Each structure stands twice: as structure tokens, then as C-alpha cells.
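Structure, as C-alpha cells:
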Amino acid sequence: MVANMAGLTPEHIEALKACGELNETAADRMIENVIGTMSLPVGVATNFVIDAKHYLIPFCLEESSVVAAASNMAKRCLVNGGFRSNNDAPLMIGQLQIMECSEPKSAEKVLAGASEELMALCNSLPSTMVRLGGGCKRIETRTIQTLSGPMVILHIVVDCRDAMGANAVNTMAELIAPRVEELTGGRVHLKILSNLAVHRLARIEATFTPEEISNDGTKANGEAIIQGILEAHHFAVADPFRAATHNKGVMNAISSVALACGQDWRAIEAGCHAYAAFGKEHYGSITQWERSDEGNLIGRIETPMAVGIVGGASKVHPAAQANLAILGVESAQELAGVIAASGLSQNLGALRALATRGIQAGHMKLHSRNMAVSAGAVGEEIETIAKRLQAVDGPKTQTVVEQLLKSLRSE
């Protein structure tokens, strides 16, 4: 069904049939000292409508209930049209760390005066990115005080088009370093991109009516659940200990979709978590939730999203290519919006569960098969133990699973 809906090629289908396994040659090209490969499940989240376009979203992860929760919550905002996006242009930052400047402020003025020259130098290499309208668009400078003394920090701001852009940005930073030293009289030390991509933000918003949020379709029940969700969100806003777990739930989706689509999900994670503390008193929630004057729940996420649909693993890994084909995105900005929407939906799933029956009920229902396998169940025993575990009145621990398996085998 997915293959037909997405128009997958035979090559895409074969990559998924092979459970995403790389052949030895491909794996050996990607990293060093290769001894094997490792698979994770890929599932598709459904019900996502973003800017009036329907999506099947591939998730790659090992944790049960994530795909189900994201799909469930995505369905609950369809009355108001689903998710709405407003994403920045794909601008990445490259940093040059300039040491030993006798007059930091004077060095900043010199660099500002030479901005056109430096941008032209950045864009002087043959590049598809520049040919398509991308490349270095501006430079920014600031002076910071550090344990090693004052440092002048030069930012090159690069439009990466449909690439994530790390290699291009790093190449530009290294290219202009000698000229920066001539201009400032200082020593350029580090030359590297920043994953705190504050100029490349993905923004998603969605509206959920009380009836959509409710357990029974009634407005009164939905209003009570919305109040519980807001109280849970306010906890994450105020307390970094809660925010860490709150945001982990957001990243359950963001990282999973990024991984499925061959993105640098570690860079995305770093940017999202850094932005949760950027310009604030302390680390807080990646998402924002509030109640509108009409009584609806409004959810928003604004976070760095450095992704690409050209280059990197997205063009090397056959399963990543198949997953991008399922998604059907046509630009890096569109991919950024889809990933952010998945994070907002997953966050609501966790908040709603916590605010009602608790996180374990739904999670354990889907996790029970894994627990059965961990206890040693095989074949038909797995489903039997999973069903019996759900009937247990009380905590569903691994010890309980082991006892159920022992009982089953003694029957």
C-alpha cells in the first residue's frame, strides 16, 4: 500500500525488503573499521496533513508506542486543517575563532569593511550551491571574553539550498582564514560550522479542539484534558529536570524521522537542545502550548532544523532514499517542517498520556511483546504472554513476564 501511494521504484522496494541492510562495500565506504551493520525498525506515521499536503512519515527507532502516539495526535488536529509551517531559508553559520587581536573592536570594524571581499572569496569555488542561488550571504562579528582571553568571532552565514551544508560551510571557513588573519593581524584557530542554526529555524503550529483532544468526544472532557496538558507543559517550562525528559519525547520523533531520511540526527539533536536554552535563563521546553480565547489547545514548535535532501547519507543509503521517496518532500525546508511537525505531535502524545492515564498504560501495551522476547518467549509464546500481561492487574514488570512464561510452559 505504501509503495503504491508513494510511487516507489523497484530499487526503493528492494531496499526496504532488505530491512535497510547495507552491503559490505557500501558500509565500508561510510565509516572506518567496519565489522558489520545493525538494523532498526522503520514504521510509517499516518494522519499528517501539513500545509494542506498529506504525508506518510517514516520513523526509524527501537522504542514502542512512538509511531502510534504521533499518528494518533496528528489525527486530532484535522478539524482545523492539520499543521501549519513557516520555515526559514536554509542558512547555516560557519565560525572562525580569531585569537591574539590587540584591538578586538578595531578588528571587527576591519572585517565589516571587508565583508564584500570575504563573501566573494567564500563564493569563488565552483559550486552547485552557489550556481543555484546559495552561498555566503553575509558576515557577522562579535567579541567574547574567555579563559584564553578575548576572541573575535567571525560568522559566515551561508545559504545551503537543499543541502545540510556542513562540508560547504567548513570549506568556506577554511578558505578565507588566511585573508582574515591578514586583515586582523590575529591568528585564526577553529574554522567550523555551528549546529546552533538560529537562522535556519523550522516553525510548526497546530490547533486542537477540546472535542478532538477528549477521550469521549465531549467538550467537557476535552477541556479537562487541555488543562492537564497545560499544567504539564508549565512544569517543563519552569524546571530543567522535567524539560530534559519533556524534550526527549519531542526528539523521539524528530531524531527518528531524521535517521530514517539519512540526516545528521546528532547535529539536529544538538541544535534543538541548545536552542531550548538559547537566550533564556535556563534550559526549557522546545515546544509551547497555550489555550486560545475559543478554548482550543494551540501547539507550537520553533527549533533549528539543519537538514538536506541532496548529499550525505540521504543519497548513499538505499533505505534513506526509499524513505525520502515515501515522504515525497521537494526541498530541505519542506523536510524541516515535516520533521518539526512530527516532534510537536509526539510531544502532545506524551503530554496527553501523562495528563490522563499516565505514560505506562499505552507504552506497556505496545512494549509487552518486547518484554516477552526478553524473558525468553519464542514463537506463539510471544503473543500469548503479551496478551496475559495486559490482563495483569497491577505493575507489569519483567519479573511478572518471567513468571507468566514459566506458568505457560508448565501448563
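Structure summary
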read-out	value
Which of M92, M73 has the fewest Cβ neighbours within 10 Å, and the rest in rising order	M92, M73
Ellipsoid equivalent to the range 91-194 - semi-axes via the Cα gyration tensor, in Å	24, 13, 10
Backbone HN-Hα couplings from phi across the range 391-405 [Karplus 6.51/-1.76/1.60, Hz, Gly and Pro as x]	7, 5, 9, x, x, 9, 9, 5, 4, 4, 4, 4, 5, 5, 5
Cysteines not pairable in the chain (beta carbon separation under 4.7 Å absent)	C19, C60, C77, C101, C160, C261, C272
Pairwise centroid distance, computed over Cα atoms, of the range 159-189 with the range 26-71, Å	33 Å
Magnitude of the charge dipole, the chain, Cβ model with Lys/Arg +1 and Asp/Glu -1, debye to 20	320 debye
Neighbour-count ranking [beta-carbon atoms within 10 angstrom, fewest first] of I98, I153	I153, I98
Long-range amide H partners of V188 with built H, under 5 Å	M99
Size of electric dipole in the range 210-310: Cβ of Lys, Arg +1 and of Asp, Glu -1, about Cα centre, debye, nearest 20	400 debye
Ordering of 285-291, 317-323, 230-236 by burial proxy (mean other Cβ atoms within 10 Å per residue, highest first)	317-323, 285-291, 230-236
Full-stretch length increase - T399, A112 - with 0.36 nm per residue and alpha-carbon distance subtracted	96.7 nm
Matching label, mean projected area of the Cα convex hull in nm² computed from the structure shown, candidates [x] 22.1; [y] 25.0; [z] 19.8	[y]
For the range 262-279, Karplus couplings with θ = phi - 60° (6.51, -1.76, 1.60), whole Hz, Gly/Pro x	x, 8, 7, 5, 5, 5, 5, 4, 4, x, 4, 5, 5, 5, 5, 10, 5, x
Charge dipole magnitude, Cβ of K and R +1, D and E -1 - the range 361-410, Cα centre, debye nearest 20	60 debye
Exposure proxy order (Cβ contacts within 10 Å, fewest to most) of S345, S214	S214, S345
Restraint check, K219/K248; K191/K280; K137/K191; K17/K315; K75/K219, Cα-Cα greater than 21 Å	K219/K248; K191/K280
Net charge over other residues, Cβ less than 14 angstrom from the Cβ of M38 (K, R count +1; D, E count -1)	-3
Cα centroid separation - the range 73-151 against the range 227-297, whole Å	24 Å
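Only the coordinates and a few stated rules stand behind these numbers; no lab work does. Given the structure is predicted, the values throughout are model-derived calculations rather than measurements. All Cβ positions, glycine included, derive from the backbone under ideal geometry; neighbour counts span all protein chains shown.
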